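Notes to accompany the following structure.
The values are calculated or read from the model by the stated rules, or taken from the named source; none is laboratory data. Remember, it's a predicted structure, so these values are computed and weren't measured experimentally. All Cβ positions, glycine included, derive from the backbone under ideal geometry; neighbour counts span all protein chains shown.
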Amino acid sequence: MPDAYLVLSYGGPNKPEDVVPFLRNATKGKGIPDERLEQVGEHYYMFGGKSPINELNDELVEHLRDELARRGNNTRVAIGNRNWEPYGNDVIKALYDDGARDILALATSAYQSYSSCRQYREDIARWMGELDLPDLTIRKVRPFWGTEGFFKAILTAVSEGLSKAAEGSRLIFVTHSIPTAMDEASGTDHELTYEKQHHALAGRVATELGVSEWDMAYCSRSGSPRTPWLEPDICDHLEELHEQGVTNVVLAPIGFISDHMEVLYDLDTEAKAKAEELGMGFVRADTVGVDPDFISQLADLLENPGETFCSETCCWAGPKSPEFPAI
């Protein structure tokens with residue numbers, strides 16, 4: 001059994017002064033000036049300059065510790081981030097100094113793509129190289145989108161969302177968009193891609209709930225408008241549905257495990273405003289958060305990872321992207 005578990009996440013600012021430094025980290029190497037980062041940061045400033053992701057991750061880790069302890073497993077569980085404090089490399093060093101030599105990592109991203117999977121593996125490889133700890137082993141559990149506990153938690157959230165909406169509301173599953181080249185290179189051996197993973201889970205949920213008509217839409221695209229990303233954008237899709245005569249919608253954010261900035265801004269603010277502008281009834285289903293089925297599933301993955309470790313060839317950024325070392 002590993003002597004420590006490391007939950008990996010994206011990170012986010014805790015106060016207004018953190019916003020631009022955080023965005024510098026998140027866009028490192030892209031040459032984006034601070035003036036542009038200030039504009040991008042308006043999403044955070046609207047909510048007091050603070051992302052909810054850090055507190056939500058702390059809550060997740062607390063529930064995960066409790067579930068493991070209930071099973072008699074008191075292995076340490078720590079949280080480390082890619083782009084903000086506590087940084088993953090600092091957490092790894094602290095765990096090592098406390099005696100950990102075998103760490104099992106689990107990212108909070110449910111699906112397989114470069115940014116949500118392989119990039120974390122590259123982060124770990126880079127951190128281990130910087131720390132130069134030859135007797136340390138770190139493995140990473142594969143994303144959990146296809147697990148039964150995640151499905152049950154999504155099913156509960158979507159069912160409750162539909163129960164709050166008008167009868168006949170259109171169900172729209174929503175996730176984070178990524179470049180189409182990244183999607184094509186995603187997944188294990190690039191067969192069940194990021195997009196197909198979402199469609200598989202959404203289809204299973206819809207079938208279980210007896211929903212025959214549903215859609216998949218995307219949010220949070222960024223970068224050059226010349227780069228193709230997965231579509232349709234959720235706000236554009238709401239306009240299309242309005243033209244088709246749809247009057248009520250339920251958005252199910254299956255691409256996000258908690259109500260962080262993409263959910264609060266892209267869905268609860270922008271998409272809701274678009275629906276109101278169009279005169280459409282709008283309900284946003286919950287994210288899975290700390291649903292007991294979800295927490296239990298994460299504990300199962302940590303205790304019994306089996307053959308669920310990432311393969312070396314999964315989730316490249318795309319055919320023209322450089323390959324960096326990954327665990």
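Observations on the structure shown:
- Condition met for Ile79 (in contact (Cβ under 8 Å) with a residue 60 or more places away in the chain, farther than 26 Å from Pro253 by Cα, in the same structural domain as Asn25 (by TED's automatic domain parsing) and of a type in the set (Val, Ile, Thr)): no
- Annotation: of all residues in segment 301-311 being over 21 Å from the mean Cα position of the chain (by Cα) and of a type outside the set (Gly, Ala, Ser), the one that is modelled with the highest pLDDT is Glu303.
- Enumeration of residues in segment 237-263 that are surrounded by fewer than 18 Cβ atoms within 10 Å (Cβ to Cβ) and either closer than 27 Å to Tyr10 by Cα or touching a residue at least 24 places away in the same chain (Cβ under 8 Å) (or both): Glu239, His242, Thr247, Asn248
- Checked against the criterion of being in the same structural domain as Leu60 (by TED's automatic domain parsing), under 30 Å from Cys235 (Cα atoms), assigned to a helix (DSSP H, G or I) and in contact (Cβ under 8 Å) with a residue 60 or more places away in the chain, segment 162-173 contains not a single residue that satisfies it.
- Every residue from segment 193-244 that is acidic (Asp, Glu) and within 13 Å of Val174 (Cα to Cα): Glu195, Asp215, Glu231, Asp233, Asp236
- Test: residue in segment 22-42 that is surrounded by 15 or more Cβ atoms within 10 Å (Cβ to Cβ) and at positive phi: no
- Residue list for segment 246-261, filter: farther than 19 Å from Phe47 by Cα and in contact with a strand residue (DSSP E or B) (Cβ under 8 Å, 6 or more places away or on another chain): Val246, Thr247, Asn248, Val249, Val250, Leu251, Ala252, Pro253, Ile254, Gly255
- The single residue among Gly210, Gly289 that is at pLDDT 95 or above, of a type in the set (Gly, Ala, Ser) and over 21 Å from the mean Cα position of the chain (by Cα) turns out to be Gly210.
- From the list Ser258, Ser296, Ser311, the one residue that fits, being of a type in the set (Gly, Ala, Ser), touching a Gly at 6+ places or on another chain (Cβ under 6 Å) and not assigned by TED's automatic domain parsing to the domain that holds Leu56, is Ser258.
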